[in-house]
Amino acid sequence: MTEGGTTAKVYVLHAAVVALLVGLNFVLPEYHHAVLARVLVLAVFAMGYNMLYGYVGLLSLGHAMFFAAGLYGAGLPLYHLGWGVPAAFGAGIASGLVVSLAIGFLALRTSGVAFMIVTMMFAQVFYLTTLYFGEWTRGDEGLVLPQQARQMVVGDWQLDLTDPSTRYLLAVALFTAALFATVAIVRSRHGRVLVAIRENEERTRMLGYDTFANKLAAVVTSGLICAAAGAAYALLFGYVGSTFASVQYSILPLLWVLLGGAATTLGPLLGTLFMYYVVDITSGYTSAYMLIVGAALILLVLYFRKGVVGTIRDRWARWLP
């Protein structure tokens, strides 16, 4: 198949996924409507993690820090300073940019296990900082953003972010932007360099590429996507809390990516959707739901060693990005 034909198939597939998500807005029952909106925002978080882990091969245990940077960057100005939704969202993105640049410059001096430990340490510092400034953040109790502050005026339109349909469609819009941005990046020259770094960094450096600059760009891109997810979570669901900065929220996107398929563009969505619903459904039947979740994860790892989408790509659809 020609390069142009492959590109067309890739974009048609991703457009079809987005169209399906938009269509679900009109048919889903109220409960699943709200759950899927949350899943889509968390899937964007997983997509940000996948950019660094899947395509560069850098295992991080600190991505909760980027998500929480967006969460607090958007939530605190809106709650304490009375900023509007667009300004608050922009502040969340800016917070993610600052944090990812700083962490990237420092953490990329290490590699392998050391990189994992350093990112985890920085994330833990961030988490403890949110607890230390509890007067502003209220720590684990968190802040509930007032409904009247979660209104946005666009021209003659007034968007109420507390409205279920508006919230869902905005979650779809965020997911769509992150999805197509990811597709464009991984299919670009920069994306191919990132994969080359993952496979053999020393050889990539010998070919004349600045591996540090490319990895830093990947960290910043990853951080921005995660921060966008965090900012959107705060504004759409009206809650900001230190729990989202804990190590648990650095491990969860890793699980979602591994389940769906690392280094695949649709894997993070599938992994997040599967994990969220397995926990949600099984917890309604037994208090030992984590045992069932663990068994499901083991079966998936045994039969889909590269994740669901990754295994499909290896066996039947080599053109999947």
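Solvent-accessible surface of the range 174-226, taken per residue with a 1.4 Å probe and all protein chains present: 47 Å². For the range 188-240, the Stokes-Einstein estimate of translational diffusion at 20 °C and a viscosity of 1.002 mPa s comes to 169 µm²/s, using the Kirkwood hydrodynamic radius over alpha-carbon pairs. Heavy-atom accessible surface of residue 79, to the nearest 10 Å², is about 70 Å², with a 1.4 Å probe and all protein chains retained.
In this view, the solvent-accessible surface of residue 203, computed with a 1.4 Å probe and all protein chains in place, comes to about 150 Å². Only protein atoms count toward the accessible area here, which uses a 1.4 Å probe; on the range 187-276, the carbon and sulfur part of that area reaches 62 percent. Each listed q (0.20 Å⁻¹) maps to a log10 I(q)/I(0) for the range 78-132 from the Debye sum over equal C-alpha point scatterers, namely -0.82. Based on the alpha-carbon gyration tensor of the range 121-254 and its eigenvalue square roots a ≥ b ≥ c, which shape applies: rounded if a/c is under 1.5, prolate if not and a/b is larger than b/c, or oblate? Oblate shape, in that a/c is at least 1.5 and b/c is the bigger or equal ratio. Entry note: the range 225-270 has Rg to Rh equal to 1.02, where both radii use alpha-carbon atoms and Rh is the Kirkwood radius. Over the range 199-321, the reciprocal of the mean inverse Cα-Cα separation, the Kirkwood hydrodynamic radius, stands at 16.9 Å. Derived from the Cα gyration tensor, the three semi-axes of the equivalent ellipsoid of the range 41-167 are 30, 18, 12 Å, largest first.
Note on surface exposure: 256, 316 rank 316, 256 by accessible area, highest first, 1.4 Å probe.
Heavy-atom accessible area, probed at 1.4 angstrom with all protein chains present, ranks 30, 141 as 30, 141, highest first.
Against the compact-protein benchmark of 2.2 N^0.38 Å, the Cα-based radius of gyration of the range 51-110 scales to 1.29. Geometric descriptor of the range 6-112, per residue, is 152 Å³ (volume of the convex hull of the Cα atoms). With all protein chains in place and ligands, DNA and RNA left out, the 1.4 Å accessible area ranks 224, 300 as 224, 300, largest first.
When the alpha carbon gyration tensor of the range 270-321 is reduced to an equivalent ellipsoid, its three semi-axes come out at 27, 11, 5 angstrom, largest first.
The heavy atoms of residue 298 present about 110 square angstrom of accessible area, all protein chains included, probe 1.4 Å.
The values are calculated or read from the model by the stated rules, or taken from the named source; none is laboratory data. None of these values were measured; they are calculated from a predicted model. The area values use the complete protein model at the heavy-atom level, side chains included, leaving out ligands, DNA and RNA. Shrake-Rupley method; radii C 1.70, N 1.55, O 1.52, S 1.80 Å.
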